[in-house]
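The values are calculated or read from the model by the stated rules, or taken from the named source; none is laboratory data. Just so you know, these numbers come straight off a predicted model, no measurement behind them. No Cβ is skipped: glycine too gets one built from the backbone with ideal geometry, and neighbour counts run over all protein chains shown.
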Amino acid sequence: MRQHPTLRTLPLLLLTALVLGGCTTNPVTGESQLRLMMSEDEEIAIGKEQYQPTLQTQGGRYYRSEELNAYVSEVGQSLARVSDRPNMPYEFTVINSGTPNAWALPGGKIAINRGLLVELDNEAQLASVLGHEVVHAAASHSAQRMQRGMLINLGVAGIGIGAALSDNRYAPLIMGGAAVGSQLIMAQYSQAHEFEADRYGMQYMAEAGYNPEAAVELQQVFVKLSEGGNNNFISGLFQSHPPSQKRVDNNREIARELGSSGDFNAERYEQKLAGLRQDQDAYTAYDKARKAMQDEEREKALALVESAIDQVSNEAAFFSLRGDIRREMDSTDEAMSDYSRAVELYPEMFRYRLNRGLLHHDLENWDSAEKDLKASLESVPTSIAYLGLGDAVAAQGRQSEAKQYYQQAAQDQGKIGELARQRLEAMGG
């Protein structure tokens with residue numbers, strides 16, 4: 001059985017990086033600092049390993065608009081080119097999540113949620129967000145957080161990540177690098193790192209032709225939202241990037257130093273966001289349907305998600321949720337149809353293949369279950385997929401292979417791991 005590459009290589013990369021520490025020069029500030037003895041190649045490799053699984057656990061790529069992804073990437077790359085590490089392989093992706101958030105992994109792997117995009121007023125504010133994340137990547141802030149011990153204990157890296165994966169009902173079952181990446185992006189930056197990212201991000205903005213005053217405006221808005229207890233922001237951006245009046249004051253002083261010239265590009269931003277804003281009512285209905293489902297109000301959830309589908313007929317997440325609801329209501333055939341539609345629209349998304357695979361498992365369609373569960377593992381490893389695969393191949397008479405899958409699932413510390421260990425015991429170890 002081939003182990004998922006993230007599970008196989010990420011621990012080795014991290015352990016290699018964590019063995020030795022020392023002083024080095026911050027590539028952005030030029031100051032001496034304690035950090036990992038990690039080469040740039042290792043830093044890039046860790047980010048590359050974690051990026052796609054972390055994107056998927058946070059909601060997946062906003063696949064419905066490649067134009068919007070290209071626009072965000074264009075703005076991001078304009079900042080990356082003037083950064084202090086312009087040669088890193090920067091990537092910028094829009095995530096299909098209504099939670100306002102943005103994050104950076106080592107090696108220049110950056111993402112912003114659609115839920116944050118709709119809160120911004122112009123392109124300069126987008127540049128402020130992305131420039132801030134470019135600094136986190138360029139200054140190796142993520143690598144430094146690893147050094148502080150957050151990820152050293154790889155054996156328990158997947159425990160306690162429910163908040164980081166709140167969009168995903170399989171959160172407690174996610175394993176390996178996907179869990180590590182989600183921990184990393186939700187961990188709070190130090191005040192020093194936030195001030196560095198603000199200052200040098202504003203410099204990058206100015207050098208790329210944007211008005212740094214937009215960074216002041218944005219922080220003022222964030223402070224007001226934080227004081228108002230906006231739960232959506234608190235569960236997203238503010239968890240890892242806490243705002244403060246001190247940051248507003250610092251940014252105002254930096255803007256004075258840099259000058260108030262540069263573009264805001266409000267009209268262009270609205271043109272690029274037009275499609276997303278047009279669909280916002282559908283996504284709001286979807287979010288309400290998810291909340292109703294959590295509250296076990298299935299009929300209400302079904303009505304809401306069907307309203308969302310009526311408005312936007314090509315969003316895989318809507319069909320996946322309706323499949324979940326129908327499965328809970330014992331409408332098995334309809335649930336299968338919804339899951340298949342979600343897979344058709346976004347075949348790379350692990351959750352949609354996992355949903356359909358588990359339903360095939362329940363119906364004892366063992367060959368179909370095996371195919372879907374294996375496909376889900378290609379993107380994100382989960383203990384429940386390993387357990388289901390063990391059952392699927394065992395039912396087809398492949399006991400030795402089943403044992404290997406159960407051994408993977410047995411690493412889980414909860415109910416799934418317990419079931420896997422029971423199956424192994426029944427097979428004689």
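Some points to look at:
- Selection from the stretch 253-279 of residues that are buried (at least 17 other Cβ atoms within 10 Å of the Cβ) and either assigned to a helix (DSSP H, G or I) or of a type outside the set (Gly, Ala, Ser) (or both): Ile254, Ala255, Leu258, Phe264, Asn265, Tyr269, Lys272, Leu273, Leu276, Asp279
- Residue check, Arg322 surrounded by 21 or more Cβ atoms within 10 Å (Cβ to Cβ) and either without any contact (Cβ under 8 Å) to a residue 24 or more places away in the chain or under 24 Å from Ala395 (Cβ atoms) (or both): yes
- Being assigned by TED's automatic domain parsing to the domain that holds Ile112, at pLDDT 85 or above, farther than 24 Å from Ala139 by Cβ and not basic (Lys, Arg) is true of Gln220.
- Test: residue in the stretch 210-229 that is within 17 Å of Gln245 (Cβ to Cβ) and not in a helix (DSSP H, G or I): yes
- Listed by position, the helices (runs of 4 or more DSSP H) contained in the stretch 325-407 that have at least 3 residues being in contact with a Phe, Trp or Tyr (Cβ under 7 Å, 6 or more places away or on another chain) are 332-345, 350-362, 383-395.
The rows are residues; the columns are (1) assigned by TED's automatic domain parsing to the domain that holds Leu126; (2) in contact (Cβ under 8 Å) with a residue 24 or more places away in the chain.
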| residue | (1), (2) |
| --- | --- |
| His193 | yes, yes |
| Arg199 | yes, yes |
| Leu225 | yes, no |
| Phe264 | yes, yes |
| Ala285 | no, yes |
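- The number of residues in the stretch 397-415 that are farther than 17 Å from Lys374 by Cβ and either free of Cβ contacts under 8 Å to residues at least 40 places away in the same chain or hydrophobic (A, V, I, L, M, F, W, C) (or both) comes to 4.
- Pairs where the first residue, in the stretch 295-307, is surrounded by fewer than 15 Cβ atoms within 10 Å (Cβ to Cβ) and the second is at pLDDT 95 or above and assigned to a loop (DSSP other than H, G, I, E, B), C-beta under 9 Å, 6+ apart: Glu299/Met329
- 1 or more residues β-branched (Val, Ile, Thr) and assigned by TED's automatic domain parsing to the domain that holds Phe264: qualifying helices (runs of 4 or more DSSP H) within the stretch 60-142: 66-81, 123-138
- Test for Asn87: is it polar (S, T, N, Q) and either surrounded by fewer than 19 Cβ atoms within 10 Å (Cβ to Cβ) or at pLDDT 95 or above (or both): yes
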